[in-house]
Amino acid sequence: MRHEHFIKQHMLNIRNGIKVSFEVPTETTYHKPSTPPSYTPVIPSLGNRKPSEKSPFNWRGNQPSLDGTRIMYFESGVELKAGRIFKADRNVVELREQWPTIKYKGADREIHSHTFDYHLRRACGTRILVAAKPAEKVVSSGLLDILRRIRRQGFSMYGDKISIVTEAFANSAASANAEWILLSRRNKNDEEYQSALEFVSGMTGPMRFWDMLTAAPKISYRRTAIWNLIDDGFLVPVLPGRITDHSLLAYGNN
């Protein structure tokens, strides 16, 4: 956390009556997932291309695939955040990056090809081809013209819909929420989950995230359980945006 962000967070805690202890604990608290994690060799990506490892213009790297077994490449901040959000979405059952590559006839009447950043399949069976691009480059890069041409020429063998994702969808708040969901999903403890569910099921109105933690024996364990409940739809934020200790959550009854 940057120094100025830490100061802002500290002042917000004081304003909202949240008392955070900065004492060094006498013992280390570890995650205690009910299903112990398993580690297997990483399998190569199924994408049609591998972006270069470095770029002076945007982010490059990789992240785990939806099932956690493969490398999934990204070549921009929008792609990275979109990948996290897709993985955290329970309705996304298949996710593949840098695929498919579709040929189309350009304005110059020559044959060109375009590789989509993501291909996903939702639980309802709908297949979506996703092009991820910063909003300021959607028009200047010619992406809109390319996608229009692919639509006109047909793409049914690869998907049912084509979508453009910008930072309006893949923003820092949604990405941060997705990170917490993915982390908590891996470290879910069934006993703590049931305790948290019993606690929130008695709520008669919205409650602050922090207030759900203070009565728990281990705040870190209860925090994971609360995020599990958000993941499963039992808790929903009252306002959109990044979920923090200050956020109000309502019981959604799944």
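The values are calculated or read from the model by the stated rules, or taken from the named source; none is laboratory data. None of these values were measured; they are calculated from a predicted model. With ideal geometry, Cβ positions are generated from the backbone for all residues, glycine too; neighbour counts draw on all protein chains shown. Side chains are part of the model used for accessible areas, which takes the heavy atoms of the whole protein and leaves out ligands, DNA and RNA. Shrake-Rupley method; radii C 1.70, N 1.55, O 1.52, S 1.80 Å.
Within segment 199-213, restricting attention to residues that are free of Cβ contacts under 8 Å to residues at least 40 places away in the same chain and open to solvent by less than 70 Å² (accessible area, probe 1.4 Å), the residue that is farthest from residue 63 (Cα to Cα) is 202. For segment 139-149, the criterion of being within 27 Å of residue 52 (Cα to Cα), among the β-branched types (Val, Ile, Thr) and part of a helix (DSSP H, G or I) is met by at least one residue. Look at segment 172-183: where a residue is free of Cβ contacts under 8 Å to residues at least 60 places away in the same chain, no partner that is assigned to a helix (DSSP H, G or I) and hydroxyl-bearing (Ser, Thr, Tyr) sits 6+ places away or on another chain with Cβ atoms under 7 Å. For segment 100-131, give me each residue that is outside any strand (DSSP E or B) and either open to solvent by 50 Å² or more (accessible area, probe 1.4 Å) or at positive phi (or both). Passing the criteria: 107, 108, 109, 110, 123, 124, 125. For the residues 187, 171, 177, the requirement of being in contact with a His (Cβ under 6 Å, 6 or more places away or on another chain) and either of a type outside the set (Ser, Thr, Tyr) or at pLDDT 95 or above (or both) singles out 187.
In this structure, does residue 86 turn out to be within 17 Å of residue 176 (Cα to Cα) and in contact (Cβ under 8 Å) with a residue 24 or more places away in the chain? Yes. Each residue in segment 11-28 was checked for being touching a residue at least 12 places away in the same chain (Cβ under 8 Å) and either open to solvent by 100 Å² or more (accessible area, probe 1.4 Å) or outside any loop (DSSP other than H, G, I, E, B) (or both), and 2 of them qualify.
Criterion applied to 196, 216 was being out of contact with any strand residue (DSSP E or B) (no Cβ under 8 Å at 6 or more places or on another chain), modelled with pLDDT under 95, surrounded by 13 or more Cβ atoms within 10 Å (Cβ to Cβ) and of a type in the set (Gly, Ala, Ser), and the one residue passing it is 216. Summed over segment 65-81, the residues that are open to solvent by 20 Å² or more (accessible area, probe 1.4 Å), in a loop (DSSP other than H, G, I, E, B) and farther than 19 Å from residue 174 by Cβ give a count of 4.
The set of residues in segment 47-64 that are of a type outside the set (Phe, Trp, Tyr), on the phi < 0 side of the Ramachandran plot and either out of contact with any Lys or Arg (no Cβ under 8 Å at 6 or more places or on another chain) or open to solvent by 80 Å² or more (accessible area, probe 1.4 Å) (or both) comprises 48, 49, 50, 53, 54, 55, 56, 58, 62. Taken together, 215, 225, 196 contain a single residue that is assigned to a loop (DSSP other than H, G, I, E, B), under 27 Å from residue 21 (Cα atoms) and not β-branched (Val, Ile, Thr), which is 215.
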